[in-house]
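Structure first, commentary second.
No lab work stands behind these numbers, since they all come straight from the coordinates. Predicted, not measured: the structure shown is a model, and the values here were computed from it. Cβ atoms come from the backbone with ideal geometry, glycine included; neighbour counts cover every protein chain shown.
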Amino acid sequence: MKIELPQVGESVTEGIIGRWLKQVGDRVEKYDPLVEVVTDKVNMEMPSPASGVLSSILVEEGQTVPMGAVIAEMEVEGEEAAQAAPATVAASEPENIDRTGTLLKDVAPVGPTGSGGPVTIPPAAQATKRYSPAVLRLAAEHDVDPSLVTGTGIAGRITRKDVQGYIDARRAAPKPAPAQPEPSLDEERVPLTPVRRMIAANMVRSATEIPEAWTVVEADVSSLVELREGAKADFQRREGVNLTYLPFVVKAVAEALKEHPIVNSTWGGDAIILKRRVNVGVAIAAPDGLVVPVVRDADSLSVAELAMAIDDLATRARAGRLTVTDVQGGTFTINNTGALGSVTGKAIINHPQAAILNTEAIVKRPVVVGDAIVIRSIMNLCLTFDHRIMDGAEAGAFVSDVKRRLDAIDASGPGI
């Protein structure tokens, strides 16, 4: 049987074979870890789809292949007998075929006049291959030397299908990397890891395919700061989880997405696809690169539940223990760059989503409240959005709604 690279999400189109966990000739049981696959979303161990013996590995470690591609072959019990059955049936069929004429076997060839004299074929003519017009035409169209094609027809004859298979294989073969200049003595060349390569490809795809626009608003989170400061110690004792600002932001964003469904969508070519579920991805800097695990149905969770869900995902992301399910199905992404000290930034959209929000560092600033200048805790909310899906009015309304919800947090309200 052929083993294919499984589809793991609508935005994941290819993967890198990281490491084969079984070798050719190994006995493999169904669901045994077979190969490590690296995508721009997650590293995963792909289980064997059946029990059998691994007969061939078609994609080597380090190669990039599209999802759904055949990467290996396995001999499964009972498969060989099933494949041989048609040949047995064919052999048992009668030799009498409904056709005019009789095929003579083991007779001397006749001359061109039918005299019965033997025909001598020169050695040069015996070595010359003959190709059908269809084979020659297809080979010429694709600049293929027919002599390089292995024939599968009668007596090794090359068929049109053989030429097409040669063309397809040549297209699928990895292109040689362009020669790189040798680094000078004051430079160091750092090879790309599979994860870094996948992130780079996804970022280029997003920047190439999505016409992005950007907007930013200031949120007064003074009451949020006060509420968190008063609740974090008790929350840590009660739940064993550090209470950060992020779950409050995710709560505000999830509620705003319900009010502005155009932001919770994807581009469908001839339509805009609105997502009914609010699944918020949270960008996390893991040791091997950026990952975006997903908090599902974030609009139905409390701040406390969001805090625990985010902490669980972040802990497992940094330990390299995320599963494919953890990174599937996101409809919107939050990038908490404020944790790195950033105060304003433009993120690249997590393709194929409609937008991404940067939550920046909270800093104290003098602001005008009424007729007085006061010191308030301010956080910038920076939204990058797909201008095919929405205009500035819709994007501005959404991010202003997030700001309003954060501004309205009451520090004297009920506990977390």
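Here are a few things to note about the model shown:
- The spacing between segment 46-65 and segment 276-305, judged by their C-alpha centroids, is 31 Å.
- Taking segment 2-76 and dividing mean pair separation by its residue count, relative contact order in percent (alpha carbons under 8 Å, at least six apart): 41
- Prolate/oblate/rounded call for segment 2-76, Cα gyration tensor, a/c under 1.5 rounded: prolate
- Computed from the Cβ-Cβ distance with R0 of 35 Å, the FRET efficiency linking residue 136 to residue 188 stands at 0.10.
- Dipole magnitude for segment 210-407: computed about the Cα centre from +1 point charges on Lys and Arg Cβ and -1 point charges on Asp and Glu Cβ, it is near 360 debye.
- Between residue 7 and residue 373, the FRET efficiency estimated from the beta carbon spacing at R0 = 56 angstrom works out to 0.50.
- Simple rule: put +1 on each Lys or Arg Cβ and -1 on each Asp or Glu Cβ in segment 341-416, find the dipole, and look at 366, 413, 353; the Cα lying farthest toward the positive end is 366.
- Extension gain, residue 53-residue 285: 0.36 nm per intervening residue step, less the Cα-Cα distance, totals 79.6 nm.
- Under 14 Å from the residue 388 label point (7 Å along Cα→beta-carbon), backbone N, segment 272-305: 272-274
- For segment 210-407: relative contact order, % (alpha-carbon pairs under 8 angstrom, 6 or more apart): 31
- Each of 12, 282 was scored by other Cβ atoms within 10 Å of its Cβ. Arranged with the fewest first, they read 12, 282.
- Dipole check for segment 2-76: with +1 at the C-beta of Lys and Arg, -1 at the C-beta of Asp and Glu, and the Cα centre as origin, the magnitude is about 120 Debye.
- Here segment 210-407 has an Rg and Dmax of 16.7, 54 Å, counting Cα atoms alone.
- Centroid-to-centroid separation of segment 346-395 and segment 201-222 [C-alpha atoms, Å]: 10
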